[in-house]
Amino acid sequence: MAGKILVVGSLHLDVIVNSSRLPQPDETLLGDKVSYRFGGKGGNQALAAAKISVQVLMAGRIGKDNFGKEIYDTLANQNINLDRLKMVDEPSGMSVALIGSDGIYSAVVVSGVNQTIDLSDIPVPNDLSVLILQNEINSDANFEIVKKVPKSTYVIFNAAPALTPNKDFFERIDLLIVNQLEAKMLLNMESDIFDDLEALKKLQNLGPKEVIITLGADGYTGISRDGEIFSKPGIKVAVLSTHGAGDSFVGTLAAFICKGEHISVAAQYAQASSALHIKTPIDQREKIKQVDIENMFLLNQ
Ligand code: RIB
């Protein structure tokens, strides 16, 4: 297998409610369906990366409760190294997501044990190719781990949710991935007009060497360390739910970078993976394989 990826991040049990539309403030709606699914941006990204032929290691925390057991069982069924997963006496992280019939969602996360992650005793392989981080664990832990990985490790930071950047942390980031809303928040942009190129350059000025902004149905745009701009329009698919699509993008992108692809090519695989994710029913998504992602990639050349 080509390369090793360490994912440090959040693990949640997601309570997903489908209804005809999202409720308004003060409104109670009758929903259509509820499902309990593995989640957390860290966990989702690890699962997405593990579909590709790379080694995936997961570092995180879960509680000794029913949610923790569900999360553990899902990870244990995948080809993911769990030596850095701790089970402790605190509540597991969880989220509630409401998904309307148009596939658009709103969610709230209760982080629980994810906020108490301590990475001081986590062993870091000296041949680590890629590290993936997000913003659902405490930022001190994220900062701690970037100081521990080898200089040769390519560090990907998915700033979701967007939080005030720390300059020293950002300067160790190789690739920052954000959506349009997160880009605006990081840059304190208030205007409704979003200039992709301006946002990419401003984000790169914060410290990360490369930046990708995902644009939902409009695709993505990115800037490489050499200043090359790369972008793709969205792949047209019937949307069942966009929940977790950003995580498929990040996990797949990391895996193809780990396999030695250029960032602009890895981003196309990532987009193919997200497109498959959003058009596939939630309970069928685990069946998406590397070959399906490669076929979707080829179809969109
Ligand atoms: O990106 C989707 C994820 O965000 C969900 O799985 C939820 O748990 C939240 O972390």
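The values are calculated or read from the model by the stated rules, or taken from the named source; none is laboratory data. Just so it is clear, the model here is predicted, and its values are computed rather than measured. Note that each Cβ is placed from the backbone with ideal geometry, even for glycine, and that neighbours are counted across all protein chains shown. The protein model used for the area step is the full one, side chains on, heavy atoms only, and it has no ligands, DNA or RNA in it. Shrake-Rupley method; radii C 1.70, N 1.55, O 1.52, S 1.80 Å.
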Against the conditions (1) within 16 Å of the ligand (Cβ to nearest atom); (2) in contact with a helix residue (DSSP H, G or I) (Cβ under 7 Å, 6 or more places away or on another chain); (3) in contact (Cβ under 8 Å) with a residue 60 or more places away in the chain, where does ALA245 fall short? Just the number, please. (3)
So which residues in region 264-283 are open to solvent by 30 Å² or more (accessible area, probe 1.4 Å) and either modelled with pLDDT under 95 or among the hydrophobic types (A, V, I, L, M, F, W, C) (or both)? VAL265, PRO281, ILE282, ASP283
Every listed condition ((1) of a type outside the set (Val, Ile, Thr); (2) more than 13 Å from the chain's Cα centre (by Cα); (3) buried (at least 18 other Cβ atoms within 10 Å of the Cβ)) holds for GLY260 save (3)
For VAL155, are the conditions met, namely being away from the ligand (no atom under 16 Å from the Cβ) and buried (at least 16 other Cβ atoms within 10 Å of the Cβ)? yes
Given the options ASN114, ASN81, name the one that is more than 16 Å from the ligand (Cβ to nearest atom) and at pLDDT 95 or above. ASN81
With respect to GLU210, determine if the residue is touching a Leu at 6+ places or on another chain (Cβ under 6 Å), acidic (Asp, Glu) and either away from the ligand (no atom under 16 Å from the Cβ) or farther than 30 Å from TYR36 by Cβ (or both). yes
Enumerate the pairs (first residue in region 18-34 and closer than 17 Å to HIS243 by Cα; second residue anywhere and charged (D, E, K, R)) with beta-carbon separation below 9 Å, excluding pairs fewer than 6 apart on the same chain, so at least 6 apart or on different chains. ASN18/ASP32; ASN18/LYS33; SER19/ASP32; SER19/LYS33; SER20/ASP32; ARG21/ASP102
Within region 16-63, residues basic (Lys, Arg) and within 22 Å of GLU261 (Cα to Cα) come out as LYS51
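The rows are residues; the columns are (1) modelled with pLDDT of 95 or more; (2) more than 16 Å from the ligand (Cβ to nearest atom); (3) of a type in the set (S, T, N, Q).
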{"site": "ALA2", "(1), (2), (3)": "no, yes, no"}
{"site": "LEU13", "(1), (2), (3)": "yes, no, no"}
{"site": "ASP26", "(1), (2), (3)": "yes, yes, no"}
{"site": "GLY39", "(1), (2), (3)": "yes, no, no"}
{"site": "ALA50", "(1), (2), (3)": "yes, no, no"}
When you go through (1) open to solvent by 70 Å² or more (accessible area, probe 1.4 Å); (2) closer than 22 Å to SER95 by Cβ; (3) modelled with pLDDT under 95 one by one for ASN188, which number turns out not to apply? (2)
Among the candidates GLY246, GLY234, single out the residue that is touching a Ser or Thr at 6+ places or on another chain (Cβ under 9 Å), of a type in the set (Gly, Ala, Ser) and open to solvent by less than 60 Å² (accessible area, probe 1.4 Å). GLY246
Where LEU206 falls short, out of the listed (1) within 21 Å of ILE132 (Cβ to Cβ); (2) buried (at least 20 other Cβ atoms within 10 Å of the Cβ): (2)
